[in-house]
1. If we keep just the residues of the stretch B:31-59 that are within 14 Å of another protein chain (Cβ to nearest Cβ) and acidic (Asp, Glu), which is least open to solvent (accessible area, probe 1.4 Å)?
2. Could you name every one of the helices (runs of 4 or more DSSP H) located completely within the stretch A:546-632 that has at least 1 residues being open to solvent by less than 80 Å² (accessible area, probe 1.4 Å), in the same structural domain as A:GLY473 (by TED's automatic domain parsing) and farther than 17 Å from A:PHE466 by Cα?
3. Counting only residues that are among the polar types (S, T, N, Q) and either modelled with pLDDT of 95 or more or buried (at least 24 other Cβ atoms within 10 Å of the Cβ) (or both), how many does the stretch A:127-143 have?
4. Please tell me if A:ARG182 is out of contact with any helix residue (DSSP H, G or I) (no Cβ under 8 Å at 6 or more places or on another chain) and part of a helix (DSSP H, G or I).
5. Would you please name the residue that is surrounded by the fewest Cβ atoms within 10 Å (Cβ to Cβ), looking only at residues in the stretch A:485-519 that are polar (S, T, N, Q) and out of contact with any strand residue (DSSP E or B) (no Cβ under 7 Å at 6 or more places or on another chain)?
6. Pairs please, first residue from the stretch A:155-178 and farther than 28 Å from A:VAL336 by Cα, second anywhere and open to solvent by 40 Å² or more (accessible area, probe 1.4 Å) and part of a helix (DSSP H, G or I), Cβ atoms under 9 Å, 6+ apart in sequence or on different chains.
7. May I ask you to verify whether A:ARG178 is at pLDDT 95 or above, surrounded by fewer than 16 Cβ atoms within 10 Å (Cβ to Cβ) and not acidic (Asp, Glu)?
8. Give the residue, chosen from A:ILE541, A:ILE448, A:ILE519, that is at pLDDT below 90, outside any helix (DSSP H, G or I) and of a type outside the set (Phe, Trp, Tyr).
Amino acid sequence: MSVALQGRPGSIERYLFEQRQKRLLRFITCGSVDDGKSTLIGRLLYECDLVFDDHLAALARDSARFGTQRGELDFALLLDGLVAEREQGITIDVAHRFFASERRKFIVADTPGHEQYTRNMITGASTADAAVILVDARNGVLTQTRRHSYLLSLIGVRHVALAVNKMDLIDYSERAFRAIEREYRRFAAGIGMEDIVAIPISALKGDNVVSAGERMAWYRGPALMSYLDTVELDEDRLAELPFRMPVQWVNRPNLDFRGLTGMIASGVMRPGERVRVEPSGIETAVARIVSYDGDLERALAGQSITLTLSDDIDVSRGDLICAADCPAEVADQFEVKLVWMSDQPLLPGRRYLFKIGTRTVPGAVTRIKYAIDVNSLEHIAARTLELNGIAVCNLALDEAIPFDPYAVNPDTGGFIVIDRVTNETAGAGMIDFALRRAHTIHHQHMDIDKSARAAQMGQKPAVVWFTGLPGAGKSTIANLVELKLHHLGYRTYLLDGDNVRHGLNRDLGFTDADRVENIRRVAEVAKLMVDAGLIVLVSFISPFRSERQFARGLLEAGEFVEVFVNTPLPVAERRDRKGLYEKARRGELTGFTGIDAPYEPPEDPEVELLTVTCTAEQAAEQVMAALRDLGLLAH
Amino acid sequence: MGMNRADGRRVPAADLGSRTLTHLQRLEAESIHIMREVIAEAENPAMLYSIGKDSSAMLHLAMKAFHPAKPPFPLLHVDTTWKFREMYDFRDATATRLGLELIVHINQEGLEAGISPISHGSAIHTDVMKTQALRQALDKYRFDVAFGGARRDEEASRAKERVFSFRSAAHRWDPKHQRPELWRLYNARKKPGESIRVFPLSNWTELDVWQYLYVERVPIVPLYFARPRPVVERDGMLIMVDDDRLPLNEGEEPALRKVRFRTLGCYPLSGAIESSAETLPEIIREMLLTRTSERHGRLIDHDQTGSMERKKQEGYF
């Protein structure tokens, strides 16, 4: 681009005008370190004049120090940003690069090819219009090529260029290239990938990267750059779909203005068009599309806009504005595909937050139907999902949400999973469809409710939840508390971990997944008993914060009293009458809390009992006093 | 965003007759989306306002994002007291023109200790008056989210930073434990004491920013345009003598040369370039021809490879 400028002084305005007409393509490159991926991107940047002189100086310095090209410029080093990675010679995260051709601007997500970094590839691909898959012409289609392709199809990248690299090392052989292309197309058809263009290239020598060159005259297709210049942009497809806009923020500068802001996920909007707000289902029309530059006559997918409606209806963040004649579905149970991104495995039944569009809803994966082996694409049975695991699951949310299948619209069908304790983004998911069951199970209305039952008993129902290590004294103390309540005339029930495992939870073991389910069932039973008007004492190890938080969330404010029976491990071990710690120490019991399974102490319990400094009787009195302070006991 | 018609009048983007968005329109939409997401989820956000061209673009985007309301957060300028005088004038005029709250924070301890780029060098000055001062300001006003104008094309370690970049309660950045960012879904949940730096211009390039400022006619500090200015030449860099705090070496005589600045910071640390570019198109033309990347003019990045990454881990923006 600088060449054009030098020849024609004064042409800058025209140049800027042309620049402004350019559109934006986001793409991702996949391949392993050895396939020459970084070299290819480095080459694209270099050919597009985007490597600045001082970067080149740094590159020459680094090439001498870390380079793999024997002192020649190593383009790969332009991309590997972090110091540690540079020294290891690998890329370990998503890096974004920017360059431009005569026609388009490009944002490249460069992601690593190592198996353990599936997460990064999914992340990089989630915003990509297209993908470039590199294979080494000498090796052809490898397991990792298939893996990357499967991930691209999973995340819905519609257009793929298969760049067969290092053609210079196989004498630019057409036969070898065609064989690789055939094999790849056969595989791709099996995973539903449709739009594939195979391009023979040499990133090192530059053949078919920006222009065709003469060494592969037998190839009649586009060079990689012309492919990138012409491949379809996803926003054009989305603009053709029915209107969707998740409401992001309500703009109320004064009482006379109520603007609904958001980015249009699909479709086109004009003032006067009818819309339906989901999940409420209320219909109205768009009055104005307000912007800083004046009202707009039209707005399309990908624009961030501000709408006003003709009627003063209640709309808030998280609602989805839809074309009235083609609204989104609304449901609370789904079949989804999940990619797990956390070191902590996904546990069915555990409560997570699910962010879809601008709405964040609590919920749980109720069942893992099967996991998918990313190398063989085989279905495998799974009870949990580990880092980089992929599975088809049932998802149940606490509230019904508007959505479209992910395959139709990533913005209204894609979601992230947030761990409620660590706040990390633990996974990403894609809605396939709503499960019928969601529409058919309704809550039955009952005339006699919790307050009526409680009033008849003359007490306030509540759950007193004892948590602590095995042998901490939970059951002993809970038993004493129940005795005291009983003597005072309260109606109670004690749910004890060991007892419940003999019956209701007989089918559960001691894996993390089973522990989560164990607590989920007990919490639900406790909730029913509270509904029946009882004071429920729960004595369970309940090692995880998120499950105790779940139990708390099932009840109304003030109904849940968390009692932390705080006994240090050595003391609990010494008191152990059942000999369990000893067995665990000997390795005869595995998954034993405190020994080889974690216990997460409460952060802010209503009551904390330091059993080292008090007797069981004193501890029970402390709980009674706390129940009185909390207003749960009348006497 | 708008486009210039042949007669110079601006036309709202969607009226162009085309059913597509240009790259600048998409970048604008993404930045606005990011800002609104912060406002919807943060408790007490602020915008780091450095007075430079990227800040000007970011502020303009904020005006658009929240129109007809004002941006619902204050501007925070972490002042080293060594900025160019024209920068201070521009800062105050901008806040007044747009009717926004401006908070200026200076590291008083650093000031009392007499820390300056001249007596202590760029590394210590930057650490005390910028890095530490920023932490002080965020702690003092309890800002949980701060917008910054950094772009991924500036430097290699920035290319890997997230749009929502988490800082521990001690303001540290941990490049190994960043949250994945998928689609347009940003996870803004955090624990008390933790904070987030948000970079709405992450996907913009330097050329995009200049283009945008030009198309949208956004005011910028006049120091970006070439004018005759008094400078001295040191270690191959032209340093402007902006006030009498810059000690002149023996025999050193400020000379009036036509210069401009590609990046703005503390004046003793900002190298000027000789230039004749007096308009934005001329600046862009020069930029495309000179082929020297942006931060070259800043002394602080020159220590060694990887220096920016180290600074960021310590809490530099």
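1. Among them, the one singled out is B:GLU37.
2. Of the helices (runs of 4 or more DSSP H) lying wholly inside the stretch A:546-632, those with at least 1 residues that are open to solvent by less than 80 Å² (accessible area, probe 1.4 Å), in the same structural domain as A:GLY473 (by TED's automatic domain parsing) and farther than 17 Å from A:PHE466 by Cα span A:569-575, A:580-585.
3. The total comes to 0.
4. yes
5. A:ASN499
6. A:LEU162/A:ARG185
7. yes
8. Sole residue among the options that is at pLDDT below 90, outside any helix (DSSP H, G or I) and of a type outside the set (Phe, Trp, Tyr): A:ILE448.
The values are calculated or read from the model by the stated rules, or taken from the named source; none is laboratory data. As the structure is a prediction and not an experimental result, all values here were calculated from the model. No Cβ is skipped: glycine too gets one built from the backbone with ideal geometry, and neighbour counts run over all protein chains shown. The area values use the complete protein model at the heavy-atom level, side chains included, leaving out ligands, DNA and RNA. Shrake-Rupley method; radii C 1.70, N 1.55, O 1.52, S 1.80 Å.
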